[in-house]
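Structure, as structure tokens:
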Amino acid sequence: MLSPVLCSDLAALEPEYTEADVISTVEFNQSGEFLATGDRGGRVVIFQREPQGEYNVYSTFQSHEPEFDYLKSLEIEEKINKIRWLPLHNPAHFLLATNDKTIKLWKVSERDKRAEGYNLRDEEGRLKDLSTVTTLQVPVLRPMDLLVEASPRRVFANGHAYHINSISVNSDCETYLSADDLRINLWHLNITDRSFNIVDLKPENMEDLSEVITVAEFHPHHCHLLAFSSSTGTTRLCDMRARALCDQHAKLFEEAVDPSRRSFFSEIVSSVSDVKFSHSGRYLLTRDYLTVKVWDLNMENKPVETYQVHDYLRTKLCSLYESDCIFDKFECAWNGTDSVIMTGAYNNYFRMFDRASLRDVTLEASREVCKRRAVLQPRRVCVGKKRKETDVSVDSLDFRKKILHTAWHPKENIIAIAASNNLYIFQDRLTPNGHHNTPEIQSAPPKWQTQPNPPTY
Amino acid sequence: MASIFVVSAERFIPLFPRLACQGVLLGCHPCFRLNMFSKGTKRKFSDGDEEISDESLVGARVASSYSLQRQSLLDMSLIKLQLCHMLVEPNLCRSVLIANTVRQIQEEMTHDGSWHMVAEAFCSAGQSPSERLVATEVLCRSREQDAEPKLFSVISYEGCREEEVVADETLCSVSVSDTVSNVCLAGRIGQCWEKSELSGVERDEEALEDSRLGSGEDEEIDTKDRASTESPKTIGQVFGTFEIKNGSPGPDSALEELFSDVDTSYYDLDTMLTGMQSAPKMGPYDILDSLAPSHSSPSIVSTPNCRSDLNELDHIMEIIVGS
């Protein structure tokens, strides 16, 4: 398994922070060289990986501003809900960033040369007196300090009546989808004034509304397949070839709940908060409140694997409901080889599950424990008496510290964890290439203390 | 969030006296804390269990503690739906999940038959009208009604403030048929889901008012009914179950009394000026609404349209000036 080491502590230095600094989304680009984060204040910060392996700030820009909808007398938050990178075509980088209502396509480009020697203007840009121009010169390019510019290239507005919760770029690199609570729209990257509605869950009679869309994503390879999950715990796979409106699903992934175990919270707890296709395209990862599940696209009636993230919360659902924590939406992530799954939890903990060995580990991302180059120590949450000094009791968990947003480098074992306004980037110390440990490479005893039985938290 | 909860709860209490003295005994669920509810007496209907044998007594106690917890959960869910974020649109997913929970509880209560008892407990003549929670009043179905309560007493959908002072054209959509017992919900709940148009409060109050006034007000309701078709943009507001109960016992007087306690100083000057003359009765939701910070949107409008236009303009002006 991995031994995460903090390689970049990009946390804010002051312990006090404003609400606007809270990170709301984290996303690596396709090569992993860039990492983009969005925050509640509408800013996007892009980090670039240095040759030494560390991530440093590359560009910062204000993507969305707060708006006020005068017709409805409501504020539209500038919080960035999702960022998705477009595949690289040219030296510039493109990414889509969205808040509740508007999606923007940003171009991030570098400039390291400047043209000098214009005929009509001098170096400061002032117009030259034409009588002083006696000869013509060809401007030459001279190197300058690197300047990274971000400019909005497209604004996709007014496509959604409800809050946008996800965007996903199609593998055809020309279209992308955006999903709100009730509808999914298909856009073309070059066309901003119209979109196609491909899924519509809004009932004729709104009184019948009992289900909303929570996340939607395109298949990584098949441009006609998309998956979307709902608040009732179902995930649907839709095929756009069948018909224009994908209300009829091609597949429905749902696990039957044992009726004897049903409680009033069953539905809320089963609500899917994140869906991710595996890199191979063969599996689907879904995250609900207490578990992560791996589904084989070929089998709809039950997941192939289920991992308990924090089952000790099952007896606390009532108070979590009261505090609204039960509605927290955690994200999940695959590693590059689809062998390890990661997701966040409370108390600044995040969990990793190795699918092959069925081992799992709980780690903490917080300023107190994360020092540069230190190896993270596993955590354990105990329900009853503490077995070890380092165990943490369920009752002392801090539910305000939640790790909702996590991302895994597409190729290497580098993970980015967002904890409120802090971003932690961890790297696997022992296996920078992403290969599993072999006895020859391993020079120190394993850093995990995982036990196959019973499962640790 | 917690602080908002508490403040609002204090304001809720005088308006929902029954809620305050409801006496939620939480039984054996230690982590279930409802700070805003005062501890009080057990519910009357659970007393009936005590006549039986010990074993079944224990079972009955467990059952009654379960139903107490269930009732607490129901109340908590209703409150969650009522509290609205003042400026930002509510999270639709959260609202749908809470509403589904409420539905589930009420269905179960119906099947248990305890719904019946709840209705009885609340609607019994023994209770003084002012103790009656307006919200659950709506929950109650009077006995002569059908056994399938269509629920929902979600009074106001989290939704915030009254954007467009819509005159409850929504109310209109409720059919005024006597025979339909499940009338309310239809059309109502649906509308509340309309995002951002949710601001149950005033409208709920109106709906409530209308429902209580019985047949005499049918005409008014019909007017609004027509009005609803004329202003489509105001659709989707109330989320409430307002059955039109014609001649239901007591509630009229209950409401009268409830309203008589209303402190008119709560009225915002604007509210007065923009034509609230026609509505001497201000329901609890209206009070809530006028308590809302910068925003007072007069919503009790019995004569729709022109007045609502005025109100709308005022409202918009307020926002522009105030923000």
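Keeping to the range A:72-86, report how many residues are farther than 13 Å from A:THR102 by Cα and within 7 Å of another protein chain (Cβ to nearest Cβ). Even if it seems obvious, please write down each step before you answer.
Filtering the range A:72-86 down to residues farther than 13 Å from A:THR102 by Cα leaves A:72-75, A:84-86.
Of the ones still in play, those that are also within 7 Å of another protein chain (Cβ to nearest Cβ) are A:72-75.
Looking only at that region, the number is 4.
So which residues in the range A:64-80 are under 18 Å from A:ALA161 (Cβ atoms), surrounded by fewer than 17 Cβ atoms within 10 Å (Cβ to Cβ) and either of a type outside the set (D, E, K, R) or in contact with a Cys (Cβ under 7 Å, 6 or more places away or on another chain) (or both)?
Scanning the range A:64-80 gives A:PHE68, A:TYR70, A:LEU71.
Quick grid of which residues meet (1) modelled with pLDDT under 95; (2) within 14 Å of chain B (Cβ to nearest Cβ):
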| residue | (1), (2) |
| --- | --- |
| A:ASP324 | yes, yes |
| A:LYS329 | no, yes |
| A:CYS332 | no, no |
| A:ASP338 | no, no |
| A:LEU358 | yes, no |
| A:ARG380 | yes, no |
| A:LYS385 | yes, no |
| A:GLU389 | yes, no |
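For the structure I just gave you, tell me whether A:ALA161 is closer than 23 Å to A:GLN30 by Cα and either among the hydrophobic types (A, V, I, L, M, F, W, C) or within 14 Å of chain B (Cβ to nearest Cβ) (or both). It would help to see each step written out before you state the result.
Working: closer than 23 Å to A:GLN30 by Cα: no; either among the hydrophobic types (A, V, I, L, M, F, W, C) or within 14 Å of chain B (Cβ to nearest Cβ) (or both): yes.
Taking the combined requirement at face value, the residue does not satisfy it.
With the range A:321-428 as the region, which strands (runs of 3 or more DSSP E) entirely inside it contain at least 3 residues that are of a type in the set (Val, Ile, Thr) and open to solvent by 20 Å² or more (accessible area, probe 1.4 Å)?
On the way: elements: A:332-334, A:340-344, A:349-354, A:360-364, A:405-408, A:414-419, A:422-428.
Strands (runs of 3 or more DSSP E) meeting the threshold: none at all.
A quick yes/no check of all residues on (1) among the hydrophobic types (A, V, I, L, M, F, W, C); (2) open to solvent by 40 Å² or more (accessible area, probe 1.4 Å); (3) modelled with pLDDT of 95 or more:
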{"residue": "A:ALA150", "(1), (2), (3)": "yes, no, yes"}
{"residue": "A:PHE156", "(1), (2), (3)": "yes, no, yes"}
{"residue": "A:ILE164", "(1), (2), (3)": "yes, no, yes"}
{"residue": "A:LEU177", "(1), (2), (3)": "yes, no, yes"}
{"residue": "A:ASP180", "(1), (2), (3)": "no, no, yes"}
{"residue": "A:ILE191", "(1), (2), (3)": "yes, yes, yes"}
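Taking helices (runs of 4 or more DSSP H) that fall entirely within the range B:58-151, which contain at least 3 residues that are open to solvent by 50 Å² or more (accessible area, probe 1.4 Å) and modelled with pLDDT under 90? Even if it seems obvious, please write down each step before you answer.
Values: elements: B:92-112, B:114-123, B:134-139.
Those helices (runs of 4 or more DSSP H) span B:92-112, B:114-123.
Is one or more of the residues making up the range A:9-26 modelled with pLDDT of 85 or more, farther than 20 Å from A:SER366 by Cβ and part of a loop (DSSP other than H, G, I, E, B)?
So far as the range A:9-26 goes, no, none of its residues is modelled with pLDDT of 85 or more, farther than 20 Å from A:SER366 by Cβ and part of a loop (DSSP other than H, G, I, E, B).
Within the set of pairs 6 or more residues apart or between chains, which connect a residue that is within 11 Å of chain B (Cβ to nearest Cβ) and surrounded by fewer than 23 Cβ atoms within 10 Å (Cβ to Cβ) inside the range A:197-219 to a residue that is of a type in the set (Lys, Arg) and assigned to a helix (DSSP H, G or I) with Cβ atoms less than 7 Å apart?
These pairs meet every condition: A:GLU207/B:ARG188.
Hey, among the residues in the range A:248-280 that are open to solvent by less than 10 Å² (accessible area, probe 1.4 Å) and of a type outside the set (Ser, Thr, Tyr), which one's farthest from A:CYS238 (Cα to Cα)?
Among those residues, the one meeting the criterion is A:ILE268.
Among (1) more than 22 Å from A:LYS82 (Cα to Cα); (2) within 14 Å of chain B (Cβ to nearest Cβ); (3) within 21 Å of the chain's Cα centre (by Cα), which single condition is A:THR291 missing?
(2)
Do we have any residue at all in the range A:177-187 that's among the basic types (Lys, Arg) and out of contact with any strand residue (DSSP E or B) (no Cβ under 9 Å at 6 or more places or on another chain)?
Among the residues of the range A:177-187, not one is among the basic types (Lys, Arg) and out of contact with any strand residue (DSSP E or B) (no Cβ under 9 Å at 6 or more places or on another chain), which makes the answer no.
Considering only the range A:35-51, I want to know if a residue exists there that is under 28 Å from A:ILE184 (Cα atoms), in contact with a Gly (Cβ under 7 Å, 6 or more places away or on another chain) and of a type outside the set (Asp, Glu). It would help to see each step written out before you state the result.
At the first step, the residues of the range A:35-51 found to be under 28 Å from A:ILE184 (Cα atoms) are A:35-46.
Still in the list and also in contact with a Gly (Cβ under 7 Å, 6 or more places away or on another chain): A:44.
Filter once more, keeping what is of a type outside the set (Asp, Glu): A:44.
Yes: the range A:35-51 contains one or more residues that are under 28 Å from A:ILE184 (Cα atoms), in contact with a Gly (Cβ under 7 Å, 6 or more places away or on another chain) and of a type outside the set (Asp, Glu).
Evaluate the range A:300-312: report whether one residue or more is open to solvent by 20 Å² or more (accessible area, probe 1.4 Å), outside any loop (DSSP other than H, G, I, E, B) and either touching a Lys or Arg at 6+ places or on another chain (Cβ under 7 Å) or closer than 23 Å to A:ILE164 by Cβ (or both).
yes
For the range A:165-185, how many residues meet the condition of being within 20 Å of A:LYS276 (Cβ to Cβ) and away from every other protein chain (no Cβ under 14 Å)?
Matching residues across the range A:165-185 total 12.
The values are calculated or read from the model by the stated rules, or taken from the named source; none is laboratory data. Everything numeric in this text was worked out from a predicted model, so none of it was measured. Here Cβ is always computed from backbone atoms with ideal geometry, including for glycine, and neighbour counts include all displayed protein chains. Surface areas here come from the heavy atoms of the whole protein model, side chains and all, with no ligands, DNA or RNA. Shrake-Rupley method; radii C 1.70, N 1.55, O 1.52, S 1.80 Å.
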